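Throughout, read-outs are computed from the coordinates displayed, never taken from laboratory work. The structure presented is a predicted model; accordingly, all values stated were derived computationally and were not measured. Cβ sites come from the backbone with ideal geometry, for glycine too, and all protein chains shown count toward neighbours.
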Amino acid sequence: MRGHLMKGGAAWRAGLLSAAASFAAVSTALEIPPLRDIPRDKVHEVRVLYLEDPRLPSLGQEQLLRLEARLEALVPEFLGFKVRFKDLGRRDLRAFFDAHAEVFAEHRGEIEAMDLDPGKPADRRAIRSAIRKDFGPRDLALIREYFPGRELKDKRTAARAAYRVFLERLRAIRAIPALDGKPLSDPARRELTLYPYWTFLQFGTDAADLLLTNTVVAGADDGMPIYVIARGGISTGITNNNLSSPLQGNSLVGLLPFLSDAPFFLKERGPIPEEERLEVIATFTLHELGHLLGRYVEYYDHPGCVHVAPKGLRYLEWHREVRRSGRCAREHKKLRRY
Ligand SMILES: [Zn+2]
Ligand SMILES: [Zn+2]
């Protein structure tokens, strides 16, 4: 996941902390209380809402209920928590964003500061700097794992190569044809796939604890971690603070990278056998629920551990390794705020 954060907090996104730099200031101002531990001895209700973009491939209601049933079994096994999913059905993605116009208006300044547009030279410089900032503390050996098959002799070379890969993949993702034949990224509604909007939606909504959507969060922002950079800006999942949720947080999983067999995904991800698709989604959702229920930070160095985000778009291989490995017995540190 990526999560949002406070100053000095670990920026992890399963998708979310991208906002590290700007959300730091924001979360201080928002006076977010520290996360409480979620007790393991009682059953927690997780309200699930599905946000549907009719232009994109989707899960039917029966598949969604099957996914929730699988997760009720997998969460105790992999995370050690007891949960019951409360299915809230589905809402139209555009209508849901419209219904939260006030949240976006209230945080317009922060959203615009976080959002980087690769079409603007100043923002391209900021993207390069975001990549250098993320790579700074990392080992070159780890960076190479995210960009296989490339000659990366030092971190400077790695950052330059990563920048090119990032722009190329993001362009390809935005151009993926939707069911109406037009590109995925709708210029009239660009916010529907942008990380800063989703993070504030997660912070500001009182509608659910877990949001599933058939679109994808893909763009550039100033706090992208390496696994988001390597995917061309895709934050597959995001977990963020939420003041109204009994779990004090909100997790999001964008399902398009699992549901779409567009050439971009087939090339970068490979095919997912139909009978494994829901299981791969369930494993990825477990990763986000590890952030939400366990408060766990993002891990990079635990082989086979569900708390390590998939490298690139190799979701299927990652899922199989996590299931083969079972629950990770190593210690997992907790965040005080997302
Ligand atoms: Zn994560
Ligand atoms: Zn682990």
*Take the alpha carbon atoms of region 324-338, find their center, do the same for region 225-260, and report the distance between the two centers in whole angstrom.*
17
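Around His100, what is the net charge, scoring Lys/Arg as +1 and Asp/Glu as -1 over all other residues with Cβ under 14 Å from its Cβ? Don't skip to the answer; put the middle values down first.
On the way: positive: Arg91, Arg94, Arg108, Arg189; negative: Asp92, Asp98, Glu102, Glu106, Glu191, Asp206.
Net charge around His100: -2.
Rank-order 251-257, 268-274, 34-40 by packing density, defined as the average count of other C-beta atoms within 10 Å over each peptide's residues, highest first. Walk me through the intermediate numbers first.
Working: 251-257: 26.3, 268-274: 14.3, 34-40: 12.3.
Packing order, densest peptide first, comes out as 251-257, 268-274, 34-40.
Under the rule of -39500 (n - 2.57) per DSSP H run of 4 or more residues, summed and divided by the residues of the chain, what mean residue ellipticity at 222 nm is obtained, to the nearest 500 deg cm²/dmol? Please list the in-between numbers first.
On the way: 14 runs with 146 residues, N = 338.
The per-residue figure over the chain is -13000 deg cm²/dmol.
With +1 assigned to the C-beta of every Lys and Arg and -1 to the C-beta of every Asp and Glu, and no other charges, what is the dipole magnitude of the chain about the Cα centre in debye, to the nearest 20?
1160
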*Calculated from backbone phi, Karplus (6.51, -1.76, 1.60) coupling profile of region 196-205 in Hz, x at Gly/Pro*: x, 5, 5, 5, 6, 4, 5, 6, x, 8
*What's the exposure ranking of Trp318, Trp198, going from fewest to most Cβ atoms within 10 Å?*
Trp318, Trp198
_If you scale each eigenvalue of the Cα gyration tensor by 5 and take the root, what three semi-axes come out for the chain, rounded to whole angstrom and sorted largest first?_
26, 22, 22
_Label point at Asp87 placed 7 Å out along Cα→Cβ; residues across region 47-72 whose backbone nitrogen lies under 18 Å_ = 47-53, 58-72
